[in-house]
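The structure appears right after this line, and notes come after that.
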Number of protein chains: 2
Amino acid sequence: MSSVVPHLFLNGRIVPASEAAISPFDIGLLRGYAVFDLLRTVNGRPFLLAEHLRRLRNSADALGLKVPYSDSEIASAIDELLARNGHTEATVRLVLTGGESPDGLSFSADTPTFYILTHEMRLLPASVYESGGKLLTKRHRREVPEAKTTNYLTMLRYHDQIVDAGALDLLYHDGSHVAEAASASFYVVKDGAIFAPGDGVLWGTVGSLVLQLAAENGREVVLGEVALEDAFGADEAFLTSTTRGVVPIVRLDDSKIGDGAVGPVTRELMEAYERVLRDTL
Amino acid sequence: MSSVVPHLFLNGRIVPASEAAISPFDIGLLRGYAVFDLLRTVNGRPFLLAEHLRRLRNSADALGLKVPYSDSEIASAIDELLARNGHTEATVRLVLTGGESPDGLSFSADTPTFYILTHEMRLLPASVYESGGKLLTKRHRREVPEAKTTNYLTMLRYHDQIVDAGALDLLYHDGSHVAEAASASFYVVKDGAIFAPGDGVLWGTVGSLVLQLAAENGREVVLGEVALEDAFGADEAFLTSTTRGVVPIVRLDDSKIGDGAVGPVTRELMEAYERVLRDTL
């Protein structure tokens, strides 16, 4: 086997990861002023690339940042990284910060830091898709919900508690309505229809595709406020994420959702999404 | 004049800033998982160093991080940086992150990134201390208020709006009670007594000293909830911060506080604090 020296794309150049240096004065470090996006490969090719790049630019806009490359320049950089880094399937992380700040406060959107990393893709155990997973509810709202910022303070602080509870993630709510999971979109099913928060959440790339598949299957999809009690009282629930796809959620905290088993609508959407993945390339 | 090559302290070594490299995989960048503290020099010597180091360790605890050096090791590193970097007066920034994360999610508190930067100290214009400043109120609560995390998303997003309004900072509140400014502590004065939020805010190093000076002057100091309407209806208000000291606040948004001039209690505390600075070293 040949050994692979991992490379990344940093400010216009492909460099060995070991030689890639971010300044300690970067405002992404000093003030957490940064956005990112994460996409996956399917059969080794970037999946939903255009959607992820559109979302990255939306996130940048929300913080007054600018992505310094065109979509095709980014696509080429990703192609080169994937060819060099030799993953089976990869996640591709695009990171954009406000760049260096000599005084730790000011920065210019015209001199950003932009880099692309790849990671070997890690899958959830198959049992989660068969039996369903659990979320811990947590009163919290992300600071700029429409942007995928690098701020994951709450998720990381509760990481051990999530693991100890055998949960997959946190489900954020404001005391009366649900928003999104810390690292995924969240949907509930009632009487065969699918309900999702209409705003105050990050636009989900996989979530959006899955809702489209649901609509094509004749499912009613309702975007609007989703009461916390309606989440607890749902027939079914599921989350969607780039790395995990469609994941059935059968428990919130210590409460079962429905009868605690994976329901037929969730199963239908999991299969529809798997079919899209199989038919890609 | 000899030219100074700025140095910083990074993971145990004093290095030229231009050679200091943070990994693109640092969780402080990828997930904003980091805390910091900022102290100032007085006559070239670190001021309130023990208090700032205690606060840094508290911030680290809140995120499950560990400062990897003793207070005396940090004090020595600061001394060496100040000697090399040749500031008139400096601010000294201590930054602690969870270190490198190969998968962009997990990290070990035992392999943190820790660095120390110095900046030339910048003062507010004298006119602000003579005539008072303005704050813009903003409904917001920091995610981990007891910790000085690197998350300044809201402050930086509103930076242009703050500047355009001729304001100094944002005053965070929850709709009914005030908390703190984005980068300072906030106090109100009513009938000669000083009122400050008792919790849900960062412990202020200068603020704590100023409250002690006020108590020594025979002032009543009340720590508890401070209603937003009581801030608007106060006789006087002021903020405290490491870099700015005691700053009179005479406007919230478009409303005058009191008669819109710097009041006697604020002036008394500004003078008491200046006396401490003059008597230091």
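Derivation of every value follows stated rules applied to the coordinates shown; laboratory data play no part. Everything numeric here is computed off the predicted structure, so don't read it as measured data. Reconstructed Cβ throughout: ideal geometry from the backbone, glycine too, with neighbour counts over all protein chains shown.
Each other residue within a Cβ distance under 14 Å of A:Ala196 adds +1 if Lys or Arg and -1 if Asp or Glu, for a net charge of -4. Where does the charge balance sit around B:Glu225 when Lys and Arg score +1, Asp and Glu -1, over other residues with C-beta under 11 Å from its C-beta? Net local charge, B:Glu225 excluded: -3. Charging the Cβ of each Asp and Glu at -1 and of each Lys and Arg at +1, and nothing else, the dipole of region B:151-281 about its Cα centre rounds to 380 debye. Under Stokes-Einstein, with the Kirkwood radius over Cα pairs as Rh, the value for region A:94-234 at 25 °C and 0.890 mPa s is 141 µm²/s. Taken over the alpha carbons of region A:215-269 as equal point scatterers, the Debye sum produces base-10 log I(q)/I(0) values at 0.23 Å⁻¹ of -1.05.
Beta bridges per DSSP, both residues in region A:126-279: antiparallel share near 65 percent.
The other copies place their B:Asp199 label points at 3.5 nm from this one, listed shortest first, where each point is 7 Å from Cα along Cα→Cβ. The value given for chain A is a Kirkwood hydrodynamic radius of 19.9 Å, derived from the mean inverse Cα-Cα separation.
Inter-chain Cβ neighbour count for A:244-257, averaged per residue, equals 0 (cutoff 10 Å, partner chain atoms only). Within a Cβ distance under 14 Å of B:Gly260, other residues only, what is the Lys/Arg minus Asp/Glu net charge? Its environment carries a net charge of -3. Across chain B, Cα pairs under 8 Å and at least six residues apart give a relative contact order of 17 percent. Our summary of shape: the Cα atoms of the protein assembly as shown have principal axis extents of 74, 54, 40 Å, ordered from largest down, in whole angstrom.
State whether region B:2-108 is rounded, prolate or oblate according to the following rule on the C-alpha gyration tensor (a ≥ b ≥ c being the square roots of its eigenvalues): a/c under 1.5 gives rounded; otherwise a/b larger than b/c gives prolate, and the remaining case gives oblate. In terms of gyration-tensor shape, oblate. Within the listed set A:Leu223, A:Leu82, A:Leu49, the Gaussian network model of chain A (springs between alpha-carbon atoms below 10 Å) gives the highest mean-square fluctuation for A:Leu223. Site pair A:Arg139 and A:Arg278 shows an inter-label distance of 4.6 nm when each label is modelled 7 Å from Cα along Cα→Cβ.
Computed over region A:126-279, relative contact order equals 26 percent, with contacts defined as Cα pairs under 8 Å that lie 6+ residues apart. Restricting to DSSP H runs of at least four residues, report the calculated mean residue ellipticity at 222 nm for the protein assembly as shown, -39500 (n - 2.57) per run over all residues, nearest 500 deg cm²/dmol. Counting only the DSSP helices, I get -8500 deg cm²/dmol. GNM remark for chain A: springs join alpha carbons under 10 Å apart, and the peak mean-square fluctuation among A:Leu153, A:Leu117, A:Leu135 falls on A:Leu153.
For B:Asp199 and A:Ala83, what is the calculated FRET efficiency with R₀ set at 60 Å and r taken between the beta-carbons, to the nearest 0.05? E between B:Asp199 and A:Ala83, to the nearest 0.05, is 0.65.
When both bridge partners sit in chain B, DSSP labels roughly 80% of those beta bridges antiparallel. Of the residues A:Ala261, A:Ala167, A:Ala17, the one that moves most in a GNM of chain A with alpha-carbon contacts below 10 Å is A:Ala17.
Remark: label point of A:Gly86 defined 7 Å out from Cα along the Cα-Cβ vector; separations to the same position in other copies 4.9 nm, ascending. For A:Asn11 and B:Asp254, what does the FRET efficiency come to when R0 = 35 Å and r is the distance between their Cβ atoms, rounded to the nearest 0.05? Once the sixth-power term is evaluated, E becomes 0.25.
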